[in-house]
Amino acid sequence: MIALIQSATDTITQITDTANALNPGVTPATPELHFIDLLLKGGWVMLPLAFLAFMGLVIFVERYLTIRKASKTESNLMLQIKQYIHDGRLDNAIALCKNNNSPLGRMLEKGLKRIGRPIKDIEAAIENNGKLEVSKLEKNIGVLGIIAGIAPMLGFVGTIIGVITIFHDVSIKGAIEIGTISGGLYTKMITSATGLIIGIIAYVLYHILNMMVERIILRMETDAIEFIDLLEEPGK
């Protein structure tokens, strides 16, 4: 039995040796380079880049949900307010705006509470309240714009550090070797690519939020003009 096992082992060894002899160009498989390992080769610059990416994502999600909630208003809000004003039910119109709990509702509520004063005073109250509501919606959106500008610059800092590392290692070894250059190139290319990707994404998210806010502003301006026209109708 032992002799049979030994014979089988020798046969497998001979087959393996023969295969290697017939394929002399075959080399051992190179180890895989995982994405996380690749990022780690970027050096310490990757830490502030990661922080910027995380902060940008948090700001976008928080602002997106807030703006999305603010944009959900009743489509017939102005129609109901018109009806209440025509019927002389001002308290009901004010209560409707309070229950609406939106930038548009709060802006119209401010105007309704000033009915009876000169139109100019009502317009000024609506305009001031509208600016306040817009500033609340735009809170922290500018930070995304800052991230879009800073991230590529940090990536460029990583590029400079990579070049300095290459020349430092070459000066120490006194010779240009691929192993000496590759380490600095990793830092140079990875940080540059990461900074550009984060900057591009932050730039896109920044403009997405701005477009959402602009749609709300347009809706508020349209309804504010309609509200003022309603108050200026004969008999009001």
For ILE119 and VAL204 in the same chain, what is the full-extension length gain: residue separation times 0.36 nm, less their Cα-Cα distance, in nm?
26.5 nm
Dipole of region 67-129 (Lys/Arg Cβ +1, Asp/Glu Cβ -1, origin at the Cα centre): which of ASN92, LEU108, SER71 lies farthest to the positive side?
SER71
Do the alpha carbons of any pairs in LYS139/LYS188; LYS113/LYS139; LYS72/LYS120; LYS82/LYS113 sit beyond 25 Å of each other, and which pairs?
LYS139/LYS188; LYS113/LYS139; LYS72/LYS120
Need one number: nm distance between label points at ASN92 and MET55, each 7 Å from Cα along Cα→Cβ, rounded to one decimal.
5.1
Please report the carbon-and-sulfur percent of the accessible area for region 59-109; probe 1.4 Å, protein heavy atoms only, DNA, RNA and ligands left out.
48
Accessible-area order for LYS82, LYS113, largest to smallest, probe 1.4 angstrom, reads LYS113, LYS82
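Expected output is a single nm value to one decimal: the length gained when fully extending between VAL163 and LEU196, i.e. 0.36 nm times separation in residues minus the C-alpha distance. What is it?
Numbers: separation 33, 0.36 × 33 = 11.88 nm, distance 1.81 nm.
Result: 10.1 nm gained on full extension.
The values are calculated or read from the model by the stated rules, or taken from the named source; none is laboratory data. Every value quoted in this text rests on a predicted model; they were computed, and no experiment measured them. Because the Cβ atoms are built from the backbone with ideal geometry, glycine has one as well, and the counts that use them run over all protein chains shown. To get the accessible areas, we keep the full protein, side chains included, count just its heavy atoms, and leave off ligands, DNA and RNA. Shrake-Rupley method; radii C 1.70, N 1.55, O 1.52, S 1.80 Å.
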